[in-house]
1. Enter the mean projected area of the convex hull around the alpha-carbon atoms of region B:95-178, in nm², rounded to one decimal.
2. What FRET efficiency, computed as 1/(1 + (r/R0)^6) with R0 = 51 Å and r the Cβ-Cβ distance, is obtained for B:Ala190 and A:Arg310, rounded to the nearest 0.05?
3. Name the residue farthest towards the positive end of the dipole of the protein assembly as shown from the options A:Leu56, A:Leu211, B:Val142, assuming +1 on Cβ of Lys and Arg, -1 on Cβ of Asp and Glu, about the Cα centre.
4. Of the beta bridges DSSP finds with both residues in chain A, what % are antiparallel, to the nearest 5?
5. Given Cβ point charges of +1 (Lys, Arg) and -1 (Asp, Glu) and nothing else, what value in debye, to the nearest 20, does the dipole of the protein assembly as shown about its Cα centre take?
6. Take peptide A:290-296, look around each residue's Cβ out to 10 angstrom, count Cβ atoms belonging to other protein chains, and average those counts.
7. How far apart, in nanometres, would the label points at A:Ile142 and A:Glu276 be if each is projected 7 angstrom from Cα along the Cα-to-Cβ direction?
8. Among A:Arg309, A:Arg107, A:Arg213, determine the one that fluctuates most according to a GNM of chain A built with springs between C-alpha atoms less than 10 Å apart.
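The values are calculated or read from the model by the stated rules, or taken from the named source; none is laboratory data. The model shown is predicted, which means the values in this text are computed figures rather than measured ones. Don't worry about glycine lacking a Cβ; one is built from the backbone with ideal geometry, like all the others, and counts go over all protein chains shown. Please note that ligands, DNA and RNA were not included when accessible areas were found on the heavy atoms of the full protein model with its side chains. Shrake-Rupley method; radii C 1.70, N 1.55, O 1.52, S 1.80 Å.
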Amino acid sequence: MIVSSLKLRNWRNFRSSEISLSQRTFVLGANAAGKSNLLDVFRFLRDICSSQGGGLQSALQLRGGFSKVRCLSARQRPYIEIDITLKASSDSEDSWRYRLSITQEPRGFRRPIVEREEVYKNDERILKRPNADDDADPERLIQTHLEQVNDNVKFREISRFFGAITYLHLVPQLLRYADAISGRIIETDPFGQGFLERVAKTPERSQKSRLKRIEAALKIAVPNLRELKFERDEATGRPHLAALYEHWRPNAGWQQEDQFSDGTLRLIGLLWALLEDESLLLLEEPELSLNSGIVQQMAPLIYRMQRQRRRQVILSTHSVDLLSDKGIAPEEVVLLDTSGESTQAVNLSDLDEPYSLVKAGFSVGEAVLPKTIPRQIELFSTVSD
Amino acid sequence: MVLFSEDILLEQAARRIIASIAPNVFVGSTMGNKGYNYFAKSLPSIKRSLNGIKFVVFLDGDKLGQLCPIQQIHQWFGDPVPPNLCLRFAIHEVETWLICDRTNLANFLSVSPNVVPDLDDSVPDTKEVLLGVARKSRDRGVRDDMLPAANHSSAIGPAYNSRLTEFIQDHWDINEARGKSESLDRACRALEAFL
Ligand SMILES: Nc1ncnc2c1ncn2[C@@H]1O[C@H](COP(=O)(O)OP(=O)(O)O)[C@@H](O)[C@H]1O
Ligand SMILES: [Mg+2]
């Protein structure tokens with residue numbers, strides 16, 4: 001399944017936005033424009049559906065409560081609404097729509113409650129709340145039906161999908177020094193500490209085939225890299241990755257992951273994640289600590305990995321290099337426009353000028369550069385070349 | 001030696017050319033790959049570096065306009081051209097150099113050989129020509145990679161560059177192509193003398 005569109009009301013710094021999403025979506029914005037906030041919508045849905053202690057109340061608590069999540073400049077009635085459409089695949093007509101409005105109890109503890117919850121399957125409404133049961137027992141409104149196994153039978157599919165959403169913000173140091181730090185690994189391992197262990201636990205056949213695919217893609221992106229393999233340290237049994245570089249390099253021969261550059265390591269981690277599962281993958285600024293040559297190859301690399309798994313990827317970025325690939329379509333880019341009083345998320349394909357520029361053969365990076373769109377002047381302020 | 005290219009495909013082509021005519025030459029660092037504007041911005045730094053460092057520069061010729069290559073080079077770098085500089089234009093763009101190896105390209109893109117046009121440096125917009133060839137591919141993977149998806153309005157597909165990189169690295173016969181593209185033949189000869 002893929003998320004095909006998203007409508008937000010009063011979600012953090014998005015007072016009102018509506019965007020379409022594709023198999024590969026790039027969320028582009030300056031610092032503090034709301035990139036993480038946008039990705040957080042999907043993490044929020046995941047937290048509601050999480051099989052371990054999920055639910056609406058806990059998902060909001062994790063974020064500091066209802067008032068932290070609701071847009072500060074919200075007008076009218078203070079509710080939060082997420083309206084999301086899913087499709088079986090990017091070219092399929094079968095669709096799901098999930099719509100959730102959250103508000104606060106008017107008095108008493110002012111707990112967050114469901115104001116409205118609806119599910120549509122192929123445009124037919126199969127859930128509408130509040131319903132008679134909710135009227136009889138308003139206490140039910142502190143939970144969504146999405147999180148209730150007894151109530152989500154008819155749309156369990158989307159609950160599972162949300163529950164399996166993965167968020168990745170790989171920190172190479174954590175991955176590299178996992179042993180030394182021996183820190184607690186958060187259940188979903190967003191920072192990649194458990195990466196090598198996960199590779200190790202993968203059945204040998206899929207482990208080999210995934211590494212082969214990654215190796216083939218890396219050969220094009222990382223000049224001089226020739227082979228990639230998994231091995232165990234003979235003495236300690238610890239899992240390792242090793243790469244073979246072309247012979248003329250200093251330190252010729254096989255290198256283990258502790259000698260990889262931070263960038264190569266991050267890259268391998270995220271390519272692996274693309275092959276690991278089928279639900280939505282969220283990548284937070286994957287350009288960090290990668291050199292510009294590799295960042296330029298990131299978009300096609302992601303596409304290549306998607307060919308096998310069709311896993312949808314939504315990534316946030318503020319890198320011009322990442323958007324320099326001319327194969328990125330305006331339809332795949334969501335721009336966070338901070339020129340107004342609250343941030344507006346828009347599809348690049350809905351902006352006349354950048355759209356025409358990309359169609360004419362410029363890269364998205366070139367088309368949204370500050371000189372092209374003056375009001376986006378800050379977009380790339382932190383990126384230098 | 002520094003290799004400065006306008007984009008990724010030109011860099012890959014340049015690497016192959018250098019490897020084939022001067023196998024022992026080591027490409028120290030590569031720069032550019034950010035389009036023509038980036039080259040224009042880098043001009044002052046390149047000129048300063050030319051005092052001590054050799055630069056091989058590859059650009060697409062579609063930016064030349066009315067000028068001929070050597071006029072343009074004189075405009076940028078003065079006359080005589082600095083001895084540490086070897087700047088070559090692919091006329092009109094690097095795709096011409098690839099299309100000029102008809103047989104291998106046809107195989108690589110899974111089309112019959114007569115689908116790849118028999119052309120030379122006189123034909124402009126050869127990226128369009130190449131996309132047209134890819135559109136006729138029998139291999140769905142080639143079409144998906146090289147052409148924009150149905151509802152997408154980018155000029156090229158999501159793995160256009162990676163596919164052609166693969167072609168350049170593993171299949172492109174430079175000698176075949178330079179028989180038809182004069183700008184490629186001249187680039188090879190100039191590099192032979194330069195390296
Ligand atoms: N409830 C809210 N209402 C309005 N703005 C918010 C809310 N919560 C966070 N923000 C603002 O969002 C911005 C941070 O967005 P973030 O997603 O972290 O940016 P990015 O990831 O693009 O750097 C901050 O300026 C913060 O003040
Ligand atoms: Mg952020």
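1. Approximately 5.1 nm², given one-decimal rounding.
2. On the way: r = 46 Å, r/R0 = 0.91.
Working from the Cβ atoms, E equals 0.65.
3. Towards the positive end, the residue furthest out is A:Leu56.
4. Antiparallel bridges make up about 75 percent of those DSSP assigns within chain A.
5. Charge dipole of the protein assembly as shown: 740 debye, to the nearest 20.
6. Numbers: counts 0, 0, 2, 5, 0, 0, 5.
Rounded to a whole number, the mean comes out at 2.
7. About 3.4 nm separates the two model spin labels.
8. Per the Cα network of chain A with a 10 Å cutoff, A:Arg107 tops the list.
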